[in-house]
Amino acid sequence: MTDAATRPPLPDHLSIDPRSPHYVAEVFEHDVGIKFNGKERTDVEEYCISESWVKVPAGKTLDRKGKPLLLKLKGKVEAYYR
């Protein structure tokens, strides 16, 4: 299990958008999982563990720049490596 030793620690706040200041490329070299209120979510765009929220797309709705419109959901957030 040397792979677990080489993984970087998961940050408190992480985003999948490379333009975000909360994007960490080293983390995305591994498969990251998010549990929100006890259920695994596969559509999380951004999360913050200390503030207990996740941002998920609002269906197929896009903002004026063509990015998915995001909803902020509050609840218990757990991030882990799969």
Quiz item: What does the chain give for Rg and for Dmax, in Å, if only its C-alpha atoms count?
Solution: 13.3, 45
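For region 1-76, state which GluC sites (Glu not before Pro) are in a DSSP loop and have at most 13 other beta carbons lying within 10 Å of their beta carbon.
Details: sites: E26, E29, E40, E45, E46, E51; in loops: E26, E45, E51.
Here the GluC sites (Glu not before Pro) that fit, given the DSSP loop and packing criteria, are E26, E51.
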Practice problem: Just grab the label-to-label distance for H13 and Y80, each label 7 Å out from Cα along the Cβ direction, in nm (one decimal). | Solution: 2.5 nm
Quiz item: How much mean residue ellipticity at 222 nm does the chain get from its helices, if each DSSP H run of length 4 or more adds -39500 (n - 2.57) and you divide by all residues, to the nearest 500 deg cm²/dmol?
Solution: -1000 deg cm²/dmol
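Rank these for me by crowding, S20, S50, going from fewest to most other beta carbons within 10 Å. List each step's numbers first, then the result.
Working: S20 13, S50 8.
Placing the least packed residue first, the sequence is S50, S20.
Multiply the residue gap between A58 and T42 by 0.36 nm, knock off their C-alpha separation, and tell me the result in nm, one decimal place. Could the numbers behind the result be given before it?
Numbers: separation 16, 0.36 × 16 = 5.76 nm, distance 1.37 nm.
Full extension of this stretch gives 4.4 nm more.
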Self-check item: Under 24 Å between alpha carbons - lysine pairs in the chain that sit 8 or more apart or on different chains
Solution: 18
Exercise. Report the extension gain between S50 and E26 in nm, rounded to one decimal, defined as 0.36 nm multiplied by the number of residues separating them, less their alpha carbon distance.
Key: 6.5 nm
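What ranking do I34, I16 get, fewest neighbouring Cβ atoms within 10 angstrom at the top? Spell out each step's value before the answer.
Details: I34 20, I16 15.
With the fewest neighbours first, I34, I16 line up as I16, I34.
Every read-out reported here was derived from the displayed coordinates using simple, explicitly stated rules and does not represent laboratory data. If you're wondering where the values come from, they're calculated on a predicted model, not measured in any experiment. Positions of Cβ are backbone-derived with ideal geometry, glycine not excepted, and every protein chain shown enters the neighbour counts.
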